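Data block below; observations after.
Only the coordinates and a few stated rules stand behind these numbers; no lab work does. No experiment lies behind these values; they were computed from the predicted model shown. Reconstructed Cβ throughout: ideal geometry from the backbone, glycine too, with neighbour counts over all protein chains shown.
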Amino acid sequence: MALQIEEQETHVNFMRGDARASIYTSDTTMMTKFNKLVEINGVDWKVEEVARLPRTGEVIGITYSCPVSFVSYRRKAIVREYTPEQRKQIADRLHEMDSVSRSCSSLLDSGEYELTGEEDTAENDSV
């Protein structure tokens, strides 16, 4: 029994001196966005609590936390207008980046290369 769209809500809470903001949401769209942020390695988003229905165990809300500095406010909506040529250029760049990403993934999947998380230290050694 999922919550009706009209009942789904999101609350952001932090005090002036807090280092972390607490974000509760029962909005499934927001949960998807926040879950993607939590899954990225090296980011400072965390799942703090999961609220479930007692009988079914269905998730009805999740509380996340992040640094207060991650909460921002916009002055106005930005609407970008692109010409058909600009749209094509953007699409071409995205396709190129996607093909490079797929090539790297296939190399990693083949086992020929391995991600170590270490940076190339040749430049750092000469300093």
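Just one of (1) 21.1, 63; (2) 14.4, 46; (3) 14.4, 41 is Rg and Dmax of the Cα atoms in Å calculated from these coordinates, so which is it?
Among (1) 21.1, 63; (2) 14.4, 46; (3) 14.4, 41, the one derived from this structure is (1).
Between region 34-50 and region 1-20, how far is it from one alpha carbon centroid to the other, in angstrom?
When both Cα centres are located, 15 Å separates them.
Quick check: residue separation of C104 and E6 times 0.36 nm, minus the Cα distance between them. What number comes out in nm?
Taking 0.36 nm per residue and subtracting the Cα distance, the gain is 30.9 nm.
Rounded to the nearest 500, what is the chain's calculated 222 nm mean residue ellipticity when only DSSP H runs of at least 4 contribute -39500 (n - 2.57) each, over all residues?
-11000 deg cm²/dmol
Mind putting a number on the dipole of region 1-106 about its Cα centre? Charges go on the C-beta only, +1 for Lys and Arg and -1 for Asp and Glu, and I need it in Debye to the nearest 20. Don't jump to the answer; show the numbers that get you there.
Details: 15 positive and 15 negative charges, 66 e Å.
So the dipole magnitude of region 1-106 works out to roughly 320 debye.
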